[in-house]
Structure formats: C-alpha cells, structure tokens
Amino acid sequence: MSDHIARSEFTDEPLTQTEIKQTSAIPADELERLTGDIIAALKTVYDPEIPVDIYELGLIYKVDIEDDRSIKIDMTLTAPGCPVAGEMPIWTENAVSSVPGVGPVDVTMVFDPPWDPSRMSDEARVALNYF
C-alpha cells in the first residue's frame, strides 16, 4: 500500500486546501495544481434536487491523493434514501477522472457521520437562502 501524499478531511468546514505531507512523491506545485483541479471537478457535480454542487454542500468527506496519483474519495449524501444514491458516486468518479494527471479514482459512499446542513459552505447557504 502506498503512502498517502495528500489528505484532506472535512471536520466542521468544507475542504479549502490539501495538507501536503513532506514525504510526497509528487512535487508540491503539481500537488497544489491537482488539488485545485480536483476541487474544480467536484464543483461540477450537482445533486439534481438541490441547485448547489456536492463540494459546497459538504458531501465530500475526504480526498486522498496517493503516490501513484490514484484518488480515493469518501463522500456522502444529504439523505441515505436519495434517489440518485447509485448514480452520484459515478458522476463524482467521472468528474475527477477527467482531471489531467490523476490515476484511477475510487469513490466510497459513507454515512458516518451523517450529513447535516452545518457541513454546507457559506456559498451553499447563500445559494439556498439557508441562514
């Protein structure tokens, strides 16, 4: 198993930057570009029932960039019974796979901790008029 070179996790706030470990096999500037491009790709995926992307909704819990440039993503849904539960991980995988320089993308659906509105970014709150 390769070392994680970059790991981002949600705590109470959406991802803003990737923590870059000193043992990275990918140069820091390339890792920074990959991080920005992956976030931009995640922002192209929308829940069809909510006019906000999955990144700003706080549905992305973790993004790991491995030494071999494979990407591992943990994501959730606003509700386990979401009608697009089977499709959203595929949309996410396809979006991130389109980023130049990434290897295979693996998206895992997780429900612990459960999603709640506190995970939304300020941008999402404004878009949804949720204050």
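The values are calculated or read from the model by the stated rules, or taken from the named source; none is laboratory data. These numbers come from a predicted model, not from an experiment. Cβ placement follows ideal geometry from the backbone for every residue including glycine, while neighbour counts extend to all protein chains displayed.
I'd like to know if the stretch 93-108 contains one or more residues that are at pLDDT 90 or above and under 28 Å from Asn129 (Cα atoms). Spell out how you get there, then give the answer.
Residues of the stretch 93-108 at pLDDT 90 or above: 93-108.
From what is left, the residues that are under 28 Å from Asn129 (Cα atoms) are 95.
Taking every residue of the stretch 93-108 in turn, at least one turns out to be at pLDDT 90 or above and under 28 Å from Asn129 (Cα atoms).
Do you know which residues across the stretch 35-45 are among the hydroxyl-bearing types (Ser, Thr, Tyr) and touching a Leu at 6+ places or on another chain (Cβ under 9 Å)? Walk me through how you get there before you give the answer.
Step one: list which residues in the stretch 35-45 are among the hydroxyl-bearing types (Ser, Thr, Tyr), which gives 35, 44.
Within the stretch 35-45, just Thr35 meets the criteria.
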Out of the residues in the stretch 62-86 that are among the basic types (Lys, Arg) and on the phi < 0 side of the Ramachandran plot, which is nearest to the chain's Cα centre (by Cα)?
Lys62
Contacts under 8 angstrom Cβ, first residue in the stretch 106-122 being of a type in the set (A, V, I, L, M), partner in a helix (DSSP H, G or I) and surrounded by fewer than 16 Cβ atoms within 10 Å (Cβ to Cβ), 6 or more apart:
Val107/Ile90; Met120/Leu128
Every residue in the stretch 59-81 that is part of a strand (DSSP E or B), modelled with pLDDT under 95 and aliphatic (A, V, I, L, M), please.
Val63, Ile65
Would you mind telling me which numbered condition in (1) more than 28 Å from Glu30 (Cα to Cα); (2) part of a helix (DSSP H, G or I) Val84 fails?
(2)
Just wondering, is there one or more residues in the stretch 70-87 that are free of Cβ contacts under 8 Å to residues at least 24 places away in the same chain and surrounded by 14 or more Cβ atoms within 10 Å (Cβ to Cβ)?
no
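Just name the residue that is surrounded by the fewest Cβ atoms within 10 Å (Cβ to Cβ) out of those in the stretch 96-131 that are part of a helix (DSSP H, G or I) and of a type in the set (Asp, Glu). Write out each step before concluding.
Initially, the stretch 96-131 is screened for residues part of a helix (DSSP H, G or I), giving 96-97, 117-119, 122-128.
The next check asks that each one be of a type in the set (Asp, Glu); those that pass are 122-123.
Values: Asp122: 11, Glu123: 15.
The qualifying residue surrounded by the fewest Cβ atoms within 10 Å (Cβ to Cβ) is Asp122.
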Taking the stretch 11-58 as the region of interest, how many residues are within 14 Å of Glu123 (Cα to Cα), in a loop (DSSP other than H, G, I, E, B) and modelled with pLDDT of 90 or more?
3
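Test Glu93 against the criterion of being surrounded by fewer than 16 Cβ atoms within 10 Å (Cβ to Cβ) and free of Cβ contacts under 8 Å to residues at least 24 places away in the same chain, and give yes or no.
So Glu93 does not fit the description; no.
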